[in-house]
Amino acid sequence: MALKVYEYKNCSTCQKAKKWLENNDIAYTALPIVEQPPSLQELKTMLSHIRERGGDLKHLFNTSGEQYRMLKVSDKLKAGMSESEALKLLSKNGKLIKRPFVLAKGKGTVGFKEDVWSEIF
């Protein structure tokens, strides 16, 4: 199964990540994260991968994004927003999701750090 790369077209980090995949001959399918956000199940799977590496729910969020600030998601998370509520919110608003969001069978990560990607993929 090829990697699914949920991306935002104008995101420089997404462009760097796709270039890295191409340079390493790794097949992928690019999907528009705003128009077609990851499913609830994909978000749950990614959260599991994030937790395996010591992260938490907040790592799924694009914390520097306008939507994150506008919707005051940080305050909601601190106030005890449930995991279920957070995942549902993410599944309906791709701009809230940290990108690139990359999944393949048994693998996944958000954001792009070359050393992490080299280890995972």
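The values are calculated or read from the model by the stated rules, or taken from the named source; none is laboratory data. Source: prediction; values computed, not measured. Every residue, glycine among them, receives a Cβ derived from its backbone with ideal geometry; neighbour counts consider all protein chains shown. The protein model used for the area step is the full one, side chains on, heavy atoms only, and it has no ligands, DNA or RNA in it. Shrake-Rupley method; radii C 1.70, N 1.55, O 1.52, S 1.80 Å.
Please work out the Kirkwood hydrodynamic radius for the range 1-67, using every pair of different C-alpha atoms, and report it in angstroms with one decimal place.
Result for the range 1-67 stands at 13.3 Å.
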Out of Leu87, Leu71, Leu43, a Gaussian network model of the chain with alpha-carbon springs under 10 Å gives the largest mean-square fluctuation to Leu71
Per residue, accessible area of the chain with a 1.4 Å probe, heavy atoms of protein chains only, in Å², comes to 58 Å²
Carbon and sulfur atoms account, in whole percent of the 1.4 Å probe accessible area of the chain, for 46 percent
Of Val5, Val110, Val34, ordered by accessible area with the largest first and a 1.4 Å probe, the sequence is Val34, Val110, Val5
Bounding extents of the chain in its principal axis frame from Cα atoms, largest first in Å, are 43, 29, 23
Computed about the Cα centre, the charge dipole of the chain from +1 Lys/Arg and -1 Asp/Glu charges at the Cβ has a magnitude in debye, to the nearest 20, of 300 debye
For Lys78, counting only lysines whose alpha-carbon sits under 28 Å away and dropping same-chain residues fewer than eight positions off, the answer is Lys44, Lys58, Lys88, Lys92, Lys95, Lys98, Lys113
Placing +1 on each Lys and Arg Cβ and -1 on each Asp and Glu Cβ in the chain, then taking the dipole about the Cα centre, the residue among Gly54, Gly111, Ser74 whose Cα reaches farthest towards the positive end is Ser74
The chain, Gaussian network, Cα under 10 Å: of Thr29, Thr45, Thr109, the residue fluctuating most is Thr29
